[in-house]
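First comes the structure, then the notes that go with it.
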Amino acid sequence: MKSFKKLLKLSIAAPFAATLLATSAMADGVVNIYSYRQPELIKPLLDAFTADSGIKTNVLFLDKGLEEKIAEEGANSPADVILTVDIGRIQAAEDKGVTQALANEAINKDIPSQYRDPEGNWFGVTTRARVIYASKERVTQDAITYEELADPKWKGKICTRSGQHVYTIGLIASMIAHHGPEKTEEWLKGVKNNLARKPDGGDREQAKAIFAGECDIALGNTYYVGQMQTNEKNPEQKDWAAAIKVLFPNADDRGTHVNISGMALAKNSPNKENAVKLMEFLASDKGQMLYGEQVFEYPVEPGIKPSDIVQAWGTLKPDPLPLADIAKNRKTASELVDKVAFDEGPAT
Ligand SMILES: [Fe+2]
């Protein structure tokens, strides 16, 4: 049994190792990227980096267990740079001890301090906002707050994915940072009581539910709107997107909750110099723009415009709360979700 497991591990690692060898033999320099982001999403960005620097990139895509894999590989890990989304997952990499601190003047100049770890273990390159998808047909208001989601006027009208999903946890953690745990618990109970159904599916399924008339508003990340609007593979998603408008919560006060797509320098990076070059490139205006455009996200540096598709949704005023403060409140947020039994849906 043990040897089978070992074999299995080898067979997974082998194609990547083979690519690594082949590329290292040819190129002056390489950088190995462990990514939670789909390779096709980051390819244009990495191609631009290679064109600029002459450094080749290898991408190992994983949809789970990225930090566990690096930890397991230990001192011999080929990982140079980690690319992932959401402060929860980036923080998980740091907590697992697979990142190293980087103090880099150019990167710190390009990335505002609220979007990076004070110790330099992770950096946000682009942001995504957690917004409200609202029915164009049934919702007349064009402004909203997160606080308002607990207002009984929305009873039976709200859809969302699980309260324990990292995206929801990030939002709840930001509510805790602003209002404290007691008020946030009350709020969460109110939101739960307004749900149209048990939390279920991903963000896109909430837009689908609005399209189908099952709810009027939903919580969702901005980039999914772009993914739905441009989805040639599943064109029915264009209809879901067409049924909704994007409302940016708290635009008139503290701003909308945002999360990050981030990068980190791997603990035992064997090509550290190239890794830092890639991270400098990603942090640069050009890198942020290219990345943002590809994934329908917002560059972190103020003044750099997002793509036309993203701009068409409206203007994002991001909540200036440091992402590190959100990370700190994640555990409490998760406990509150359980405490109010959020995922059981509205009381009947
Ligand atoms: Fe997502």
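Against the main long axis of the alpha-carbon atoms of the chain, helix 2-26 sits at an angle near 70°. Counting neighbouring Cβ atoms within 10 Å and putting the fewest first, the residues Trp122, Trp154 line up as Trp154, Trp122. The residue list Ile217, Met228, Ser162 was ranked by how far each Cα lies along the charge dipole of the stretch 158-236 toward its positive end, using unit charges on Cβ atoms, and Ser162 comes out on top.
For the stretch 250-348, the gyration tensor built on C-alpha atoms gives an oblate shape. Its axis ratio a/c (a ≥ b ≥ c) is at least 1.5, and a/b is not larger than b/c. Restricting the stretch 166-249 to GluC sites (Glu not before Pro) that sit in a DSSP loop and have at most 13 other Cβ atoms within 10 Å of their own Cβ leaves Glu232. Which percent, to the nearest 5, of DSSP beta bridges fully inside the chain are antiparallel? Counting DSSP beta bridges with both partners in the chain, the antiparallel share is about 65 percent.
Around Pro320, with a cut-off of 13 angstrom between Cβ atoms, what is the net charge of the other residues, counting Lys and Arg +1 and Asp and Glu -1? Around Pro320, the surrounding residues sum to -1.
Around the Cα centre of the stretch 204-264, unit charges on the Cβ atoms of Lys, Arg, Asp and Glu (plus for the first two, minus for the last two) sum to a dipole of about 180 debye.
Less than 5 angstrom separates the built amide H of Thr256 from those of Lys317, Asp319, all sequence-distant by 5 or more or on a different chain. The long axis of helix 272-283 is offset from the longest Cα principal axis of the chain by roughly 30 degrees. Across the stretch 30-97, Cα pairs under 8 Å and at least six residues apart give a relative contact order of 46 percent. For the chain, the relative contact order comes to 27 percent (Cα pairs under 8 Å, sequence separation of at least 6).
Applied to the stretch 160-170, the Karplus parametrisation 6.51 cos²θ - 1.76 cosθ + 1.60 on θ = phi - 60° returns per-residue 3J(HN,Hα) values of 7, 7, 3, x, 8, 5, 3, 5, 5, 4, x Hz, with x for Gly and Pro.
Under the convention that each Lys and Arg Cβ holds +1 and each Asp and Glu Cβ holds -1, the size of the dipole of the chain around its Cα centre is about 780 debye. About its Cα centre, the stretch 159-215 has a charge dipole of approximately 120 debye under the convention of +1 per Lys or Arg Cβ and -1 per Asp or Glu Cβ, with nothing else charged.
Cross-linked pairs Lys64/Lys208; Lys208/Lys267; Lys272/Lys328: Cα-Cα separations exceed 32 Å for Lys208/Lys267. For Val85, nonlocal amide neighbours, meaning residues 5 or more places apart or on other chains whose placed amide H falls under 5 Å from its own, are Gly262. Close amide H partners of Thr145, meaning residues 5 or more places away or on another chain with modelled amide H under 5 Å apart, are Asn250.
Tell me, what is the percent relative contact order of the stretch 286-325, built from C-alpha pairs under 8 Å that lie six or more residues apart? Across the stretch 286-325, relative contact order equals 28 percent. Under the simplified labelling scheme, the Lys136-Gln164 pair shows an inter-label distance of 3.7 nm, with each label point 7 Å from Cα along Cα→Cβ.
Helix 181-194 and the long axis of the chain differ in direction by around 70°, with both axes built from C-alpha atoms.
No value in this document is a laboratory result; all are computed from the given coordinates. The structure displayed is predicted, hence computed values, not measured ones. Note: ideal-geometry Cβ built from the backbone for every residue, glycine included; neighbour counts use all protein chains shown.
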